[in-house]
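Reviewing the structure listed below.
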Amino acid sequence: MELLTGSTTDQAPANPAATDDMLAAQPVGYWCGLTQTAVTRHLRDAMAKIDVTQPQYWVLNRVNGGFTAPSREETIAQLTHLADGPHEIARALDQLLHREWLRIDDGQRLHLTDAGEAARARLRELATEVRAVVHQGISDEEYVAALKVLRKMVANVEGDGTSGNPF
């Protein structure tokens, strides 16, 4: 692997105690996985304190977020790739219907109830609070730079790596 400085770096084993001078050799997959796990756990723990799951939040946002109200099937199809399993979104929908945070109209389209909109707004506030904790000490510029690097890595492995921004 060639660094910008012209030196080469071998892949080192994952090491959570790696010092700054050792980071260039660390596996990105390990650090991305560790970040994914820690951030998701932190968010889900915060949501659990108010008896809501992350998939329920996804559903509330999806039902709220379009020009036309989605059907149950459309919502499941659009969100299942985010979920931990193929039935998780359907369960979240059923839970939200049971709580009366969602309703189904005569055309089988999903809509937020007033209680559902209030919950969605509260969850949005909570997600903003969690984001502030996660981003503490990280400038927007640093965050953007990190995402650009990750996006480029995705392009490198999913494409030829020379086309620039794949998104």
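Here are a few things to note about the model shown:
- The magnitude of the dipole of the range 1-130, with charges of +1 and -1 set on the Cβ of Lys/Arg and Asp/Glu and taken from the Cα centre, is near 380 debye.
- Furthest towards positive pole of dipole, 118, 82, 36, structure part the range 1-129, Cβ charges: 118
- At a probe radius of 1.4 angstrom, the accessible area of the chain per residue rounds to 67 square angstrom.
- Residue (of 57, 133, 97) at the positive-pole extreme of the range 1-141, dipole from beta-carbon charges: 97
- Only protein atoms count toward the accessible area here, which uses a 1.4 Å probe; on the range 1-102, the carbon and sulfur part of that area reaches 58 percent.
- Burial order of peptide ranges 50-56, 36-42 (average beta-carbon count within 10 Å, highest first): 50-56, 36-42
- The tail of the calculated P(r) for the range 7-83, taken as Cα-Cα distances beyond 17 Å, holds 63 percent of the pairs.
- Binning the alpha carbon pair distances of the chain at 5 angstrom intervals from zero yields the distribution 1, 7, 12, 15, 15, 14, 12, 9, 7, 4, 2, 1, 0, 0, expressed in whole percent.
The values are calculated or read from the model by the stated rules, or taken from the named source; none is laboratory data. Model, not experiment: these values are computed from the prediction. Ideal geometry is used to build each Cβ from the backbone, glycine not excepted, and the neighbour counts take in all protein chains shown. The area values use the complete protein model at the heavy-atom level, side chains included, leaving out ligands, DNA and RNA. Shrake-Rupley method; radii C 1.70, N 1.55, O 1.52, S 1.80 Å.
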